[in-house]
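Here the structure comes first, spelled out in structure tokens, and everything after it is commentary.
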Amino acid sequence: MSDESNKKQMSRRTFLKGMGAGVVGTPLVISNLEAITPKQLQAEEDMDVKKQPISLKVNGKKVRVAVEPRASLAELLRNDLKLTGTKVVCNHGECGNCTVLLDGKAVYACHMLALDAAGRDVTTIEGLLSGEELHPVQKAFWEKDGLQCGFCTPGQIMAAHALLLKHPNPTREQILKEMSGNICRCAAYPKILESVMTAAEGSTS
Ligand code: FES
Ligand code: FES
């Protein structure tokens, strides 16, 4: 497509988008422009989204994958790599359910672009297992019943793992502070705290 043609397409899209949501679903007829259905408009927009190849390490393995610039790390993990242990709840960087480790530090996977994980080292809940063997933090949550429905548990465990990498022998206050970004709707907080303290005892014994 020539530059001139590109400009025309862009201005048509920009104009149509500016028409607002009220016209969605209705073919548009505008003077000097042909009729365009929302489906055609979407197809034109989709052409703009070009996937980009990135390489990163996930759970110790090198991965090369093509991602849309708008895709989050959580989408890359769950949709492309099928690592569905990372849960998405708020999708807004507020609940911590999607916590994974990025170069050893806890991050919200819903709140960063997959492109920004290029060249980095990502660990998900699946990466904590050693064959069939649970990681000590997973074991502690299991033994101390650090969960109720379990939906927030992968995020809690990843946050606890990051905390223990940073503070192998944490105080109660450090645990409360570092885990404060992980919400549990079942309010299983006392048991979660106990689980983290048990995991910490294991990590220092
Ligand atoms: S799903 Fe990512 S912070 Fe809530
Ligand atoms: S155990 Fe149910 S949300 Fe935390």
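Values quoted throughout were computed directly from the atomic coordinates according to the rules given, and no laboratory measurement underlies them. Since this is a predicted model, take the numbers as computed values, not measurements. FYI the Cβ positions are ideal-geometry reconstructions off the backbone, even for glycines, and counts take in every protein chain you see.
Each residue of segment 101-113 in turn: what ³J(HN,Hα) in whole Hz from Karplus with 6.51, -1.76, 1.60 and θ = phi - 60°, glycine and Pro shown as x?
9, 10, 6, x, 10, 6, 9, 7, 5, 6, 10, 9, 6
What's the FRET efficiency of I183 with L129 using the Cβ-Cβ distance as r and R₀ = 35 Å, to the nearest 0.05?
On the way: r = 25 Å, r/R0 = 0.70.
Rounded to the nearest 0.05, the efficiency is 0.90.
Quick one: work out Rg over Rh on the C-alpha atoms of segment 29-149, Rh as Kirkwood radius. It would help to have the intermediate numbers written out before the result.
On the way: Rg = 19.1 Å, Rh = 16.6 Å.
With Rg and the Kirkwood Rh in hand, the quotient comes to 1.15.
Could you list which residues have their amide H under 5 Å from that of V58, counting only those 5 or more apart in sequence or on another chain, with H placed in the peptide plane?
Those lying under 5 Å, H to H, from V58 are V63, V122.
Sorting L129, L113 on the 10 Å Cβ count, fewest up front, what's the list? Write out the running numbers ahead of the final one.
Working: L129 13, L113 16.
Ordered by Cβ neighbours within 10 Å, fewest first: L129, L113.
Give me the distance in nm between label points sitting 7 Å out from Cα along the Cα-to-Cβ direction at R64 and K105, one decimal.
2.9 nm
Which far-off residues, 5 or more places away or on another chain, put their amide H under 5 Å from the one on C90, with H placed in the peptide plane?
Long-range HN contacts for C90: C95, N97.
For Cα pairs less than 8 Å apart in space and 6+ apart in sequence, what is the mean separation divided by the residue count of segment 52-204, i.e. the relative contact order in percent?
Computed over segment 52-204, the figure is 24 percent.
Report the gain in length on full extension from C149 to T84: 0.36 nm times residue separation, minus Cα-Cα distance, nm rounded to one decimal.
21.7 nm
Skipping prolines and chain starts, which residues have an amide H placed within reach, meaning under 5 Å, of the one on I36, given they are 5 or more residues away or on another chain?
Amide H to amide H, under 5 Å and 5 or more residues apart or across chains, I36 pairs with L28.
Taking neighbour Cβ counts within 10 Å as the exposure measure, how do I157, I125, I36 sort from fewest upward?
Neighbour counts put them in this order, fewest first: I36, I125, I157.
Would you list C149, C90 from fewest to most Cβ contacts within 10 Å? Walk me through the numbers on the way to the answer.
On the way: C149 10, C90 14.
Least to most surrounded, the residues fall as C149, C90.
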